[in-house]
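Structure, as structure tokens:
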Amino acid sequence: MQDLTYWKRGLIFAIAALLLCIAGFYNGFPLHFHDTYSYIAAGFNTSEMGSRPIGYSFFVRHISLHETLWLVVFMQGVLLAMSIWLGFKYLFRKQLTTGQFLAYITLITTTTAVSIHTSIIMPDIFTPMLLLSFLVLLFGQEMSRKDKIITTILLMISLTMHNVHFWIICLTLLFVGVGFTFAKGRSFYQSINLSIKRVAVVFLIMIGGNLLSSTLNFAVGGNFSGGTGGGIFLFARLTEFGIAQEYLKENCDKQDLAICEHFTENMQVGNSFLWDGNSPLYKTGGWDKEAQALYGKLAKDILMTPKHFKQYLIRCIEESFVCLSRFELNEGTTSGDRDFQFKAIEQWFPLYHTSYWQSRQVHDYYTNDVFQFSNLLQNGILGISLIILLVALFDRKYITQRQVFIIVILFVLFYANSFVSGAVSGPFERYQSRIFWLLTLPAFALVLQYWQKKKEPTPTTTILTTEPK
């Protein structure tokens, strides 16, 4: 695709985006999740969400042109296609033909969860964009100025979409940074052209993305932070682990805490604590600033206690491996969501009233039985990809040291995503299914490299002989 004009390349990205949106077309309407209404409402009401950054809400509002959600999922497909192309170009293959690129898009669309995440009105599809943009900026060689700018914008946009994105990159940069403390690590980094300067630049871009998210939140709600409600989410997770209850038992008699008068042995925990109107959260202010400050301080005090911090760390490590093992396709809504989600369609997209009610998702078409074959197919393609990568890591004939390290960092990103998700939310399938399909990208590139080298003619040796006189 290197020799294509901008118009032709744009057309290829558009075709790729349409392929990536096939799950939405099959549904008959963009897919929705429990939180879809909240994102749409926050964007069109220009109001603080209370529990999440406002970035994705603004994305939905402006990209939809206040007319159609199809533009939102299509643009998600375009941005993802660009991220994938940049990943192939700068991480694994300098020359990727149009046919190879579209073949790869078709492969992941028909065998993995990527189309569901592209077609849903949720910010989850920006997580693989985050990972790809991060890897390209960290390892990309001989990048053009235009591609550097595009990749930087993709990374910064992705950072504004979800609170956990910042921490996923932080943990990964910490892992990379440790290597600079050892002489062998510095020597290895030098051999793959990875410098402290490049790591610092990526870190500064990450800070810039967080500042952009903070600025958007400040413009809407006067709260200059990357995301709101983090303390509440963390406290809810601590209730699921049983750590918060143990802390309250030990301290309610010693401290005047607002939650203590609503604390019982059977109080709601986890998601029930967050969303049940009768939980202690809503009896102490809900998602307002005072409650955010209260639960943020409570979570901090709990984790500052050595005993509870140890308990929390152990549980987070355990949950991270549970999260790693859960990546099934699951559209994640129930029949009870449809009336709630329809409020957004009725208010802001009234022309799509019929399309919404005729969609397969609203008619409860998506069940575990429907997804059973899809999950088997996805497990097969991910398993094959993992085998290819493991063989390549141990047999270095067709892979460079730089590519080996890129694959290692990809695995680190997977674990960082599962650790952060398990620490603040839970081991839900969508957290890993939104990114696990990325295993196929280096596997596809390595297969192409292997095939290309096998097709190269074997050099012949000419033996010179001297004729006897």
Every pair of residues 6+ apart whose Cβ atoms lie under 9 Å, when the first sits in segment 73-92 and is within 27 Å of GLN401 (Cα to Cα) while the second is in a helix (DSSP H, G or I) and basic (Lys, Arg): TRP85/ARG9; LEU91/ARG402
Checking LEU298 against (1) outside the structural domain of LEU377 (by TED's automatic domain parsing); (2) exposed (fewer than 13 other Cβ atoms within 10 Å of the Cβ), the condition it does not meet: (2)
Residue within segment 119-132 that is outside any loop (DSSP other than H, G, I, E, B), surrounded by fewer than 20 Cβ atoms within 10 Å (Cβ to Cβ) and at pLDDT below 95 present: no
Wholly enclosed helices (runs of 4 or more DSSP H) of segment 247-304 bearing at least 2 residues touching a residue at least 40 places away in the same chain (Cβ under 8 Å) and under 30 Å from PHE218 (Cβ atoms): 270-275, 289-303
Among the candidates VAL78, VAL114, residue that is in contact with a Leu (Cβ under 7 Å, 6 or more places away or on another chain) and aliphatic (A, V, I, L, M): VAL114
Filter pass, GLN95 being within 14 Å of THR118 (Cβ to Cβ) and either in the same structural domain as SER133 (by TED's automatic domain parsing) or modelled with pLDDT of 90 or more (or both): no
Which listed residue, of LEU154, LEU204, LEU216, is surrounded by 14 or more Cβ atoms within 10 Å (Cβ to Cβ), at pLDDT 90 or above and either under 24 Å from the mean Cα position of the chain (by Cα) or within 23 Å of GLY77 (Cα to Cα) (or both): LEU154
Residues located in segment 248-291, provided they are over 32 Å from the mean Cα position of the chain (by Cα), surrounded by 14 or more Cβ atoms within 10 Å (Cβ to Cβ) and basic (Lys, Arg): LYS283
Single residue of segment 93-114 satisfying the filter (under 21 Å from the mean Cα position of the chain (by Cα) and of a type in the set (A, V, I, L, M, F, W, C)) that is nearest to GLY10 (Cα to Cα): ILE105
Failed criterion for LEU329 (all others in (1) at negative phi; (2) surrounded by fewer than 17 Cβ atoms within 10 Å (Cβ to Cβ) hold): (2)
Unique match (being buried (at least 22 other Cβ atoms within 10 Å of the Cβ) and either out of contact with any Asp or Glu (no Cβ under 7 Å at 6 or more places or on another chain) or in a helix (DSSP H, G or I) (or both)) among VAL408, VAL420, VAL404: VAL420
Odd one out for GLN95, checked against (1) within 30 Å of TRP451 (Cα to Cα); (2) surrounded by 23 or more Cβ atoms within 10 Å (Cβ to Cβ); (3) not small (Gly, Ala, Ser): (2)
Close pairs from segment 176-192: first in the same structural domain as ARG402 (by TED's automatic domain parsing), partner surrounded by fewer than 15 Cβ atoms within 10 Å (Cβ to Cβ) and part of a loop (DSSP other than H, G, I, E, B), Cβ under 6 Å, at least 6 apart: ARG186/PHE180
Out of PRO128, PRO123, sole residue that is closer than 22 Å to VAL404 by Cα and either of a type in the set (Val, Ile, Thr) or within 20 Å of the chain's Cα centre (by Cα) (or both): PRO128
Long-range neighbours under 9 Å by Cβ, at least six apart or interchain, first residue free of Cβ contacts under 8 Å to residues at least 40 places away in the same chain within segment 306-323, second of a type in the set (Val, Ile, Thr): PHE309/ILE302
Residue satisfying all of: in segment 353-379; within 22 Å of the chain's Cα centre (by Cα) and touching a residue at least 12 places away in the same chain (Cβ under 8 Å); nearest to THR440 (Cα to Cα) among these: GLN378
Options PHE175, PHE188, PHE166: the member that is within 13 Å of the chain's Cα centre (by Cα) and either assigned to a helix (DSSP H, G or I) or of a type in the set (D, E, K, R) (or both): PHE166
Residue match in segment 341-349 (condition: assigned to a loop (DSSP other than H, G, I, E, B) and under 24 Å from the mean Cα position of the chain (by Cα)): no
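The values are calculated or read from the model by the stated rules, or taken from the named source; none is laboratory data. From a predicted model like this one, the values you see are computed outputs, not experimental measurements. Heads up, the Cβs are rebuilt from the backbone with ideal geometry, glycines too, and the neighbour counts pull from every protein chain shown.
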